[in-house]
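The values are calculated or read from the model by the stated rules, or taken from the named source; none is laboratory data. Bear in mind that the values here come from a model prediction, so they are computed numbers and not experimental data. All Cβ positions, glycine included, derive from the backbone under ideal geometry; neighbour counts span all protein chains shown.
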Amino acid sequence: MLQRNLLKKPERIGDWDFYNIGSTTLNELKNFGIIPKKDYKALGKRKPDGLIVTKRKVIAVIENKSISKFKTEKQKQNALKQVIDIAQVLGAKVLILTDTVETIWINVFTGKIILDQNGIPLKIFLVLHLMMW
């Protein structure tokens, strides 16, 4: 966060702040004033890969996986299980799982894939472009 000056100049997605972090805990994010100030208990030590935030309100949590660890349905389910609790405690509405080739958008409340009006899994490549390391 400090090395890349993300506290003063986070990347932007429209009006939202995008934090490509990965090595910063929820407790640190709270102390920096990026996420709500509350007790995250044991989850406070967890490190989300990325967040989309507006005025301390978390819109989305992002989990990045390597392509080799995001091939099978079991690997994708494990990625979901790894971060759904973080997304829930932060009050995010969306969880984005990606390997930068495939992206899965998850409704945090239901744990199910978000579909478009035609019943096809949502695909938005803007976020993928921003998340490439």
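Within the bounds of the stretch 54-65, is there any residue that is modelled with pLDDT under 95, at negative phi and in a loop (DSSP other than H, G, I, E, B)? So far as the stretch 54-65 goes, yes, one or more of its residues are modelled with pLDDT under 95, at negative phi and in a loop (DSSP other than H, G, I, E, B). Against the numbered list (1) free of Cβ contacts under 8 Å to residues at least 60 places away in the same chain; (2) of a type outside the set (S, T, N, Q); (3) in contact with a helix residue (DSSP H, G or I) (Cβ under 8 Å, 6 or more places away or on another chain), residue 71 comes up short only at (3). Screening residue 4 against (1) at pLDDT below 95; (2) under 17 Å from residue 60 (Cα atoms); (3) of a type in the set (Lys, Arg) leaves a single unmet condition, (2). For the stretch 88-106, state whether one or more residues are among the aromatic types (Phe, Trp, Tyr), assigned to a loop (DSSP other than H, G, I, E, B) and more than 19 Å from residue 47 (Cβ to Cβ). Scanning the stretch 88-106, I find no residue that is among the aromatic types (Phe, Trp, Tyr), assigned to a loop (DSSP other than H, G, I, E, B) and more than 19 Å from residue 47 (Cβ to Cβ), so the answer is no. For the stretch 33-51, a residue qualifies if it is in contact with a Lys or Arg (Cβ under 8 Å, 6 or more places away or on another chain), surrounded by fewer than 21 Cβ atoms within 10 Å (Cβ to Cβ) and in a loop (DSSP other than H, G, I, E, B), and the qualifying residues are 33, 36, 37, 38, 40. All told, residue 93 falls short of being within 15 Å of the chain's Cα centre (by Cα), of a type outside the set (S, T, N, Q), more than 22 Å from residue 35 (Cα to Cα) and surrounded by 14 or more Cβ atoms within 10 Å (Cβ to Cβ).
Filtering the stretch 10-23 to residues that are surrounded by fewer than 18 Cβ atoms within 10 Å (Cβ to Cβ) and part of a loop (DSSP other than H, G, I, E, B) leaves 14, 15, 22, 23. Take the conditions (1) loosely packed, with under 15 Cβ neighbours inside 10 Å; (2) at pLDDT below 95; (3) outside any loop (DSSP other than H, G, I, E, B); residue 123 misses just one of them, which is (3).
Would you check if residue 91 is small (Gly, Ala, Ser) and either at positive phi or out of contact with any helix residue (DSSP H, G or I) (no Cβ under 8 Å at 6 or more places or on another chain) (or both)? Criteria met by residue 91.
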